[in-house]
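Working notes for the structure below.
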Amino acid sequence: MPQDFHYLRQAFGNAKTEENNNSSRFGKFIQLNYLESGVIRGAVIEKYLLEKFRLVSRDKNERNYHVFYYLLVGASKEEQKEFHLQKPQDFHYLRQGDLQLEDEESLGQEYRRLHQAMEMVGFLPSTKKQIFSILSVILHLGNLTYSSKSGGLKVGPDEALNTLSALLKVKKEVLQTTLTTRRAVVSAEVVLSKFTVKEATKMRDSMAKSLYSALFDWIIFHINHALLNRRDMEDSVSCLSIGVLDMFGFENLHKNSFEQLCINFANEKLQHFIINHIFTLQQADYVSEGLVWQNIDYTDNIGCVHLLSEKPTGLFELLDKESSLPDSTDQSLMEKMKLSLQDSPFFETNSDSTFTIQHFAGSVTYSIKDFVDKTREHMRPEVVSLLRSSETAFLHHLVCSSPQALFRWGVLRATIRILSVFKSLARRRAKMLAAKRPSCKSLQELKRKSQRLSSNSWTLDFSFDRSDEHPLEVFEDIFANYEKRKKSKGGRQKQLIPKNLMDLRSLQHIVGVTVHDRTSKATAHPDGPISPLSVCVQFQASLQKLLERIEKAHPFFIVCLRSNNELKEMHFDTELVKRQVHNTGLLQMVLMQKAGYSAKYTFKDFVGKFRMLLPKGATPTPEHISQLLEKMKLDKSSYQIGKTKVFLKAHERQVLRDTQNTVIIRHIVVLQRWFRSCLIRKHFIQKKDATLLIQRCWREFYEKQNRAATVIQMAWRTSLMENESGRGRPGRDRLSKKELKRQTPVELSPSRGLEPGSGPRRDSTPPLHRPLSLPLDNAYTENSPSKGLHRYKDMSGIKEKADRWRERLPADGASPERNRRGEYHNKGKSMSADELSTHSSSDSSPSAGEKIAAEPDGSRFSLPPRNSEEDGNQTLTTPERVWFLSRFLKKRTPKYIHSHDSSHDKSGNIYSLYYSLFTLVTVG
């Protein structure tokens with residue numbers, strides 16, 4: 001995007017000269033704003049002294065501005081017809097110079113690139129048409145000719161007048177009057193008089209130059225608005241800036257006029273600033289600080305600067321005074337210059353029409369012709385009146401003296417036009433509704449209302465400024481492009497409306513930045529005595545403001561040397577280069593930079609900048625600074641310590657910077673190492689704490705699981721011993737159903753009931769009341785025809801185990817489980833649920849006298865195995881069930897209450913209770 005801005009400036013501000021094919025004919029200062037982080041925030045462009053005289057007259061080997069050739073060669077047939085374009089040879093303003101257009105193909109490409117640059121800046125298609133229309137007007141103005149007749153001055157040809165009238169949208173009679181009649185105010189009366197042929201020609205050229213200068217200012221203004229950042233308008237936001245000054249080079253042409261004098265004066269001022277900055281101020285600083293220094297001789301151009309700008313006898317002062325006189329001429333100016341400047345060694349007169357000035361870069365001879373007229377160059381009041389009478393609003397923007405007032409008026413005019421459009425649409429809609437519902441009375445009333453509104457509509461018609469008849473024509477191209485964008489699906493879409501729309505605040509900010517250059521807007525009021533400032537005064541003021549800005553910054557100077565005058569590649573003219581080196585004082589500058597000190601710091605700034613190299617507690621004194629420089633082993637001839645400052649050469653300053661960077665990097669590495677160690681230790685402690693927490697939780701879970709198993713085993717063994725001894729625990733007989741209401745209903749197996757007539761035996765185990773479950777039988781399959789419980793038919797195993805159990809029974813009749821319980825307590829070991837189930841199944845076998853249904857040895861009904869027989873035989877014990885059992889047993893404290901119930905019922909209830917609790921843990 002910045003390249004497009006630069007290209008747009010070059011197209012309208014650069015031209016081909018004898019010494020350069022792309023010479024910039026205006027000075028510019030580009031200020032780039034950025035934040036401390038390096039992010040670019042915006043930019044501002046300021047222009048200085050556009051060479052307007054090139055538009056109407058040039059040397060043979062030079063051309064007009066590039067944009068005219070781009071337009072004439074690259075425009076399409078429709079554009080040529082719309083803008084009334086012809087060949088370059090048909091325009092008077094282009095015939096005066098070089099018309100050998102061998103590069104027509106490249107000019108066509110440049111025209112297309114110009115369109116692209118305008119779009120990037122934010123120019124709409126209608127705006128581009130207005131710009132090209134103004135360029136066509138300037139070219140057609142040059143084709144006007146004047147002839148004096150008995151009736152007065154006549155301008156023609158009619159074809160050119162008709163074309164200008166159509167492009168400017170003004171009346172042909174008003175245009176003719178403006179180009180042939182002078183308007184003056186004498187004793188509060190307006191006097192009209194005819195121009196002579198010479199005066200009319202100057203009037204025509206003045207109008208063309210004023211139009212082009214106003215168009216160039218308008219383009220620069222909108223480029224600044226496109227580059228504007230809204231934060232630049234906030235005083236609270238601080239930013240840094242880099243400025244690049246691209247000024248005209250020193251010029252010595254075959255024919256030098258007022259423009260070359262202004263350009264060379266700007267170079268004289270800049271050269272004086274460079275000499276003063278490099279030689280005068282720097283050497284004076286060395287002497288005041290008491291350094292050992294030998295002054296270097298240099299050539300000062302202050303005499304030439306005083307010759308041009310000194311008051312009251314300077315050349316520009318004489319020129320400004322002479323231009324304010326009504327009857328002044330170039331010859332009268334020449335006479336006054338001879339009287340005032342003849343004693344100066346830098347001024348010399350050759351003849352009555354030429355004079356020579358000795359500049360720092362050489363002697364230049366100037367022609368006095370048109371000096372007075374060019375310094376009076378401003379937009380004439382007749383031209384302003386003509387352009388303000390145009391129906392094109394774009395011309396009003398070009399000639400306005402106050403952009404803020406024009407913007408406010410535009411907002412007000414747009415508001416009133418919108419109201420008018422709404423009123424017209426309301427009347428149209430009312431007529432349509434009346435046509436749908438015909439009524440004689442209502443239709444007549446509507447007609448009367450519309451007539452009354454139309455009679456009062458003149459109060460809303462602010463057309464005295466002759467603005468655009470179609471208020472919405474600016475948006476026609478937006479609507480058209482929007483429709484095209486809706487139809488096209490692929491490709492990158494162009495921006496239809498500029499992002500940064502102009503408002504009053506941004507407008508005032510840009511006007512304040514570019515207020516120094518108002519030469520194109522300087523107009524003489526036709527009814528008042530106030531006359532605008534001359535061109536030379538305005539140029540001096542803008543140049544002085546530029547120098548004040550440069551003095552506040554830290555400048556760097558770049559000197560450009562021309563290798564040859566023939567514009568040849570790889571050709572070096574030794575004599576030309578030597579002359580340039582001598583005239584610019586480049587040799588003395590090199591000697592000064594070599595012998596002087598490019599870096600200087602106050603003691604406080606030096607200590608603050610190189611604090612890392614100084615020892616702790618160092619103060620801004622010469623002793624500590626000398627110790628540091630000696631410690632660094634710097635060459636004593638490369639630095640000096642003055643009264644308040646330290647002076648260093650570039651190499652020594654770089655050595656200090658590199659050493660400080662090394663120290664800083666070492667400290668950064670140490671800090672990073674400590675930070676990493678602290679971070680790693682923090683992560684290690686976190687992981688260690690997490691590991692300990694996991695271990696503690698697992699130990700708690702494991703202990704609770706073992707505790708639950710131990711409780712169950714103890715309860716099981718206790719119940720067995722009580723049943724075997726025939727003595728139940730007190731308090732267990734009175735367990736009611738309410739206390740066991742959370743126990744799931746238990747079904748008695750059909751085969752586990754006692755035979756009728758048989759009572760309980762003292763040495764027998766009570767019947768097991770267990771929930772029904774599926775048999776653990778490998779022969780069971782899903783396709784079995786029976787859906788009920790399956791019983792084992794082999795009863796031999798049960799009888800054999802009963803016999804073995806009676807054989808192991810001691811003589812006192814005690815249960816072997818009681819003896820086994822004492823052994824486990826002595827060993828400090830608890831039995832697991834699996835061991836308990838194994839022992840209980842073997843120890844609780846019934847006596848031989850009882851008739852029990854066939855069942856394998858100690859087998860119980862359970863779910864079918866999932867994968868294998870081994871998995872099916874495993875008991876399922878979960879931590880939740882173990883926790884529930886431990887909590888349940890803690891809550892149910894034993895109640896030692898004597899009961900007279902039978903031992904059979906008591907032991908059976910206790911057995912059912914503990915077995916139900918056991919199944920909650922072990923049965924899956």
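Worth a mention:
- The residue pairs whose first member lies in the range 664-686 and is touching a residue at least 24 places away in the same chain (Cβ under 8 Å) and under 26 Å from R611 (Cα atoms), whose second member is assigned to a helix (DSSP H, G or I) and of a type in the set (A, V, I, L, M), and whose beta carbons are closer than 7 Å, counting only pairs six or more residues apart or on different chains, are I664/M612.
- Assessment of the range 568-576 against the conditions (of a type in the set (D, E, K, R) and touching a residue at least 60 places away in the same chain (Cβ under 8 Å)) yields no matching residue.
- In the range 588-610, the qualifying residues are those that are of a type in the set (S, T, Y) and under 30 Å from K578 (Cα atoms), and the one that is nearest to the chain's Cα centre (by Cα) is S598.
- Filter result (open to solvent by 50 Å² or more (accessible area, probe 1.4 Å) and modelled with pLDDT under 85) within the range 413-438: A435, K436, R437, P438
- Which listed residue, of E652, E630, is open to solvent by 80 Å² or more (accessible area, probe 1.4 Å) and closer than 30 Å to F279 by Cα: E630
Let's see how each residue does on (1) part of a helix (DSSP H, G or I); (2) of a type in the set (D, E, K, R); (3) within 30 Å of A160 (Cβ to Cβ):
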residue	(1), (2), (3)
F5	yes, no, no
A11	yes, no, yes
N20	no, no, no
I30	no, no, no
G42	no, no, no
E78	yes, yes, yes
L94	yes, no, yes
L99	no, no, yes
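- Test for L281: is it without any contact (Cβ under 8 Å) to a residue 60 or more places away in the chain, exposed (fewer than 13 other Cβ atoms within 10 Å of the Cβ), not hydroxyl-bearing (S, T, Y) and not in a loop (DSSP other than H, G, I, E, B): yes
- Search result, residues across the range 392-407 that are surrounded by fewer than 16 Cβ atoms within 10 Å (Cβ to Cβ) and either within 28 Å of K194 (Cα to Cα) or at pLDDT 80 or above (or both): S401
- Here K28 fits the description: of a type outside the set (S, T, N, Q), within 30 Å of K552 (Cβ to Cβ) and touching a helix residue (DSSP H, G or I) at 6+ places or on another chain (Cβ under 8 Å).
- Of all the listed residues (L386, L308), the sole one being aliphatic (A, V, I, L, M), farther than 30 Å from Q176 by Cα, under 49 Å from the mean Cα position of the chain (by Cα) and open to solvent by less than 20 Å² (accessible area, probe 1.4 Å) is L308.
- Members of the range 346-369 that are part of a loop (DSSP other than H, G, I, E, B), over 51 Å from the mean Cα position of the chain (by Cα) and closer than 25 Å to F53 by Cα: N350, S351, D352, S353, I368, K369
- Among the residues here, F647 qualifies as surrounded by 13 or more Cβ atoms within 10 Å (Cβ to Cβ), at negative phi and modelled with pLDDT of 90 or more.
- For the range 353-362, the condition holds for at least one residue, the condition being that it is farther than 18 Å from M207 by Cα, surrounded by 14 or more Cβ atoms within 10 Å (Cβ to Cβ) and free of Cβ contacts under 8 Å to residues at least 12 places away in the same chain.
- Cross-chain or 6+ apart pairs with Cβ under 6 Å, the range 251-264 first and at negative phi and without any contact (Cβ under 8 Å) to a residue 24 or more places away in the chain, then open to solvent by 10 Å² or more (accessible area, probe 1.4 Å) and part of a loop (DSSP other than H, G, I, E, B): none
- The test for being within 20 Å of D217 (Cβ to Cβ), touching a Phe, Trp or Tyr at 6+ places or on another chain (Cβ under 8 Å) and not β-branched (V, I, T) does not hold for Y111.
- Against the criterion of being modelled with pLDDT of 90 or more and open to solvent by 40 Å² or more (accessible area, probe 1.4 Å), R95 does not qualify.
- Each residue in the range 170-217 was checked for being open to solvent by 50 Å² or more (accessible area, probe 1.4 Å) and in contact with a Phe, Trp or Tyr (Cβ under 7 Å, 6 or more places away or on another chain), and 2 pass.
- Taken together, the criteria place T602 among residues that are among the polar types (S, T, N, Q) and in contact with a strand residue (DSSP E or B) (Cβ under 6 Å, 6 or more places away or on another chain).
- Within the range 123-154, considering residues that are crowded, with 18+ Cβ neighbours inside 10 Å and not in a helix (DSSP H, G or I), the one modelled with the lowest pLDDT: L153
- Residues of the range 353-411 that turn out to be aromatic (F, W, Y) and closer than 30 Å to D343 by Cα, as a count: 4
- From the list R25, R41, the lone residue that is open to solvent by less than 10 Å² (accessible area, probe 1.4 Å) and within 27 Å of L546 (Cβ to Cβ) is R25.
- Identity of the residue in the range 322-345, part of a loop (DSSP other than H, G, I, E, B) and open to solvent by 60 Å² or more (accessible area, probe 1.4 Å), that ends up modelled with the highest pLDDT: P345
- The listed residues are A15, A11, and the only one of them that is over 23 Å from S542 (Cβ atoms), open to solvent by less than 10 Å² (accessible area, probe 1.4 Å) and more than 16 Å from the chain's Cα centre (by Cα) turns out to be A11.
The values are calculated or read from the model by the stated rules, or taken from the named source; none is laboratory data. Quantities reported herein were computed from a predicted structural model and do not represent experimental measurements. All Cβ positions, glycine included, derive from the backbone under ideal geometry; neighbour counts span all protein chains shown. Areas reflect the complete protein model, heavy atoms only, side chains present, ligands, DNA and RNA absent. Shrake-Rupley method; radii C 1.70, N 1.55, O 1.52, S 1.80 Å.
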